[in-house]
Amino acid sequence: MRQAAIGDPLVPYEARVENGVQRIIASRAWTAKQKQWLVRIGRALKAQPVGDPEILADPLFAQAGGFKTVDREFDHGLGDVLKDLNSAIWDHHVA
């Protein structure tokens, strides 16, 4: 892991999350509701850096129906969106 980091710019985690969320938002035409969820997921990731469905067990998401409800907003593709977001956060080469 350390070897992989050599040559990577040192970017604070919160900035990585913000940049990753912005890249994902810019990557396709999201609905307004989907954009809201992406921003909320980004905020949650800043507080609890886990980019998997477990993050949606957080009360912020649970009160809105949890993973199943949010997944429906993303046409049942939320798992892939979370993977893409994780890649956007950690791979500075992702455009």
*Roughly what would the spin-label model give for residue 14 and residue 36, points 7 Å off Cα along C-beta, in nm?*
2.5 nm
*Can you tell me how much longer the chain between residue 26 and residue 48 gets when fully stretched, taken as 0.36 nm per residue apart minus their C-alpha distance, in nm with one decimal?*
5.6 nm
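Every read-out reported here was derived from the displayed coordinates using simple, explicitly stated rules and does not represent laboratory data. Source: prediction; values computed, not measured. Cβ atoms come from the backbone with ideal geometry, glycine included; neighbour counts cover every protein chain shown.
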